[in-house]
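The values are calculated or read from the model by the stated rules, or taken from the named source; none is laboratory data. Only a predicted model underlies this, so the values are computations on that prediction, with no experimental measurement involved. Quick reminder, even Gly has a Cβ in these numbers, built from the backbone with ideal geometry, and neighbours come from all protein chains shown. Heads up: the accessible areas ignore ligands, DNA and RNA and are worked out on the full protein's heavy atoms, side chains in. Shrake-Rupley method; radii C 1.70, N 1.55, O 1.52, S 1.80 Å.
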Amino acid sequence: MQVTTHEDTTCTTATPQLPPDHVRSLAKAAGILTSNWIDWLPSYGCALLALQPLDDAGLDLQLLPDHLALHLVCLDDWKFHMHSSTGGAICHTASSASHASLCCGHVPADNFSTLVQTMHTLIEQRRQDKAKAKDNSKSGFQRTPAFILAVIKDALVEVQQQQQQQQQRSCRQDSMPRGGFTDVGLHTGGMPRATAWPLVQQTLQVVLDQAGVCSQGQEPRSLFRLAMAHFELWLLQGELQQLSPATATAAKLTDCMVMLESVATKAAALAMAGHDITGFEAACFDKPSSVPASEAEVQLLKQVVDAYRKALLGFKATQAEAALMQVQLRSAEVLVVWVAYCMMFEASRRLLPVVNRYGVGLHWTDLRQLVLPDRLAVDAACTVSAYLLQQSNPERQLYSLHDGGKGTLSFAFDYAAQCEDLMEIWLHEQEQAQARVQARWVEVKRKQRMAVQLRKEEARLQLQIAELQPDIDKLQAEWQGINHQLKNTTAQLNRFGLSFVSPSDEKERSRLQQQQAQLQHQETNVVNKLRRLQQRQSTLKAQLTSTETQRLKAEQAPAAIIQPLPQATDCALRADVGVWYPDSLAPAVAWSGTGTAADRALQLPSGLFNPFVPVEQQQLAENFTEKLPATAGQTNSLQWAMLQVGSRAATPAERGNQGIASQDQKPSWLSKPGYLALTNLRSYPLSQLQRLCVALREQSLPLGHPVVLTMVKQAVMQIGELQQPAGGAALLTAAVSGVLQRAPSDLQWHQVTGSSSSSSSMASFQAVSRDRHLYSVNILDGTVLLDGVPPGRLPSDVLQHPLYRRTFGSCNFEVSVTQAGVWQTLRPINGRLYDFHWSASGRAGSAASQLVIEEVEAATGDRLQLLDVGEDGSCWGAELPVMLQQLYSHWYHSAHAAAATCASHAGAASGGGLMLTMP
């Protein structure tokens, strides 16, 4: 494990290791490539390689000792590619896909350097001749491997002449190159071809094939592919180690993704060839650089997703969106969001270890409805599904409302418990809360004392008010009497009026006037006393009201930590009584959208909503089912045929008959076979591709029609039901058990290794059961062997044996043959398996041979052996009645020492019968 840190970014890379013998072979090949026995000619698309094959003992295998075999490795099979550059421009590239190895003859080992010098001299001469020649076509100079081959031939002749001291160069005509190879030179207006690295690759392959560097059992081409994959992975890891937030530009990230794709493709090819790529998977798919490594990068990822959704929303507003299915665009958006979710969750796991205790809030099977157009998108969806399955924890879901937010709240408590900063804040808040509680308690005690004093004052005032009331009542009564007398006196005076009266009347009037004045004076005195008393009482009542108000305030508890509670101070016997704590409220988790234009386009509810509300499968399937184009009035009637829920359990059993029952709705542009093929295309999830192949073979569908094209796209591009992946051993065991039902469930498989380089041998696996039977399977061609023999039928000598014929009649079973020569039926018959073999004393193929037939209970493993009564009952059971001898078969159970007598044919001992205990 190598760890490199760049500006707070740690990149951990795990490099898979090659076996030591592979490393030694590659080191030998690298030594040849860097030796003096090779001359690189990349500007001509070739390399001259001199080899001296040696046997295992180091002896020269050449017919001419001390000579080198000359091989010209030529780049061939050039292919044209178009791709976009970082700036968005379209680039054209030609690359070599293979090579041709041309034998150029032999040269003494001592003269190889001379040959190379002569060859370069001749090349320079021909180049100059081309520059001087008026007609370039006659100069013979080309930048092709064929030109170098011609030069090598001339150089060999010159070297031979130099050895013979002959100077005839001027009389010899130069060899002209043949065609067949691409000119790799710089052409007018073009770019030079990239030949250096492809030439090294192809030359390495030739060295591994022909230089004898591979040890016994190594396959050169397989070793070459393995070496190239490891080398590209090493280059990728080097690029990743140089990444940092400052250098992670779009161009750099694109380069890394292209390199990763190349490594993953090569690793997949190695896996198909049977190689163990566990190290590659760990190195390619466990990259910290592929997930955000900081909160800033998480926010950047969120911005990228928002930008993508905004761009997609803008694209849907253009006419170009009509070229794609709406469900395809919707699926792409879902996939991007879910990929970002997985990356963010993985970032959370790495940034916060406590997240590892919790699972994702998305279910791994919910992507089954996506409609994706290419392998890359499908692989991404499958990777997301596998990641969600790996990180599932239904009991503790994080950021999910499936459980009402319990998992998220539990995470909040766990995170807070291990976070020193939050714990420090919490302790500080507790101290402040306790200080507020104590301060409030001091205030409560003060108010309690105040309330006691105010109650005493209130009682004193009430007493004074009560004491004044009798005097006030007495004065009011006295005032009322005086007032009554005053009214009578005034009424008597009013009878006299202003007229002249007699002296006697005048005397009476004078008396009444004096009495009136006296009463008025008395009334004034009484009223003044009454007012003084009432004013005193009003003052006392005002004081009482104020005292009551103060007492009520004193009795009311002071404000709690956040809000006041209507509780009297007298009830507060402790400091925490009447104090409200936020923890007493049940916390809840809510969900709100991003507020982006993409969310508004989805018409999501404003404010808080629950995106985890269960959705019916029917509704979900309809949302990811494309609407058929309405090119004709009748085409909409076929929309029902587009719908496929995506699971076998949810598909109605009568779905396959709906097309037959609705033939009256057949559009005019469809034939009857075409209508049945189209309506049944998506009837069941697992038969869609099969029905499509049948329709293509029978040419029953008009593929150019928009409705047919849309339905075919939906069938091909929709992911369908996702299943939990099983282990390789379990898959192999299940595959073998489908043929050999007796195969144990605990087989331990290993890949067959050997000197053979065929793909068939690389895809072969073997396992030995506990009862020492050898099980073999080839995953490419489906071959299954038991003890090295494929399944077959019973031989004729068994079928013609009298015991077999009287028991099983003309039935012939499919069997496998064990190493001990036992024929075993592949599958149960009425719940029972059968074994057939010849006894050790018997002779196969004759009527006198003793055929042993055993019946095995498939469920329990109990064994019964068929007893042979013979033609006349002479073998066993001569004492039995003739009917039992001729019409019944007899089976012996050794464990119970009992014999079972059952009807012959049709199930042997599986039918009803009689059990007899043997003496």
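Using a simple spin-label model with pseudo-atoms 7 Å out from Cα toward Cβ, TRP640 and ALA477 lie 10.3 nm apart. Under the simplified labelling scheme, the SER98-LEU689 pair shows an inter-label distance of 2.8 nm, with each label point 7 Å from Cα along Cα→Cβ.
Note on LYS529: lysines with a C-alpha under 28 Å away, same-chain residues under 8 apart excluded, are LYS474, LYS487, LYS541.
In plain terms, the C-alpha convex hull of the range 322-429 casts an average shadow of 8.6 nm² when viewed from every direction.
Per residue, how much accessible area does the range 590-738 show when a 1.4 Å probe rolls over the protein heavy atoms, in square angstrom? Could the numbers behind the result be given before it?
Numbers: 8400 Å² over 149 residues.
About 56 Å² of surface per residue is accessible.
For the range 328-470, the solvent-accessible area works out to 55 Å² per residue, with a probe of 1.4 Å and every protein chain left in place. FRET efficiency for the HIS428 to GLN242 pair, using the beta carbon distance and R₀ = 41 Å, is estimated at 0.40.
Pick out, from MET450, GLN492, ALA477, the residue whose Cα sits farthest towards the positive end of the charge dipole of the range 435-512, with +1 on the Cβ of Lys and Arg and -1 on the Cβ of Asp and Glu. It is MET450, whose Cα lies furthest towards the positive end.
Enclosing the Cα atoms of the range 775-826 in their convex hull gives a volume equal to 79 cubic angstrom per residue. The Cβ shell under 11 Å around GLN369 holds other residues with a net charge of -1, Lys and Arg each +1, Asp and Glu each -1.
How many Å² of accessible area per residue for the range 764-804, probe 1.4 Å? Before the final figure, lay out the partial values.
Values: 2100 Å² over 41 residues.
On a per-residue basis, 51 Å².
Computing FRET efficiency as 1/(1 + (r/R0)^6) for ALA491 and GLU548, where r is the C-beta to C-beta distance and R0 is 60 Å, gives about 0.80. With R₀ fixed at 56 Å, the C-beta to C-beta distance from GLN453 to ASP599 puts the FRET efficiency at about 0.30. Structure note, pairs LYS302/LYS627; LYS79/LYS130; LYS28/LYS266; LYS316/LYS627: Cα-Cα distances above 25 angstrom occur for LYS302/LYS627; LYS79/LYS130.
Kirkwood hydrodynamic radius computed over the range 315-376 comes to 13.8 Å, based on all pairs of distinct alpha carbons. Label point of SER215 set 7 angstrom out along Cα-Cβ; within the range 22-37, amide nitrogens under 13 Å from it belong to 22-28. Across all directions, the shadow cast by the convex hull of the range 190-268 built on its C-alpha atoms averages 7.5 square nanometres. Counting only residues at least eight positions apart within a chain, or on another chain, the aspartates and glutamates with an alpha carbon under 16 Å from that of LYS672 are ASP664, GLU698.
Counting only residues at least eight positions apart within a chain, or on another chain, the aspartates and glutamates with an alpha carbon under 18 Å from that of LYS456 are GLU467, GLU548, GLU555, ASP570.
Once fully extended, how much extra length lies between GLU721 and ASP421, figured as 0.36 nm per residue of separation less the alpha-carbon to alpha-carbon distance? Write down the numbers at each step before the final one.
Details: separation 300, 0.36 × 300 = 108.00 nm, distance 4.61 nm.
Gain on stretching GLU721 to ASP421: 103.4 nm.
Here the range 345-440 has 57 percent of its accessible surface on carbon and sulfur atoms, given a 1.4 Å probe and all protein chains in place.
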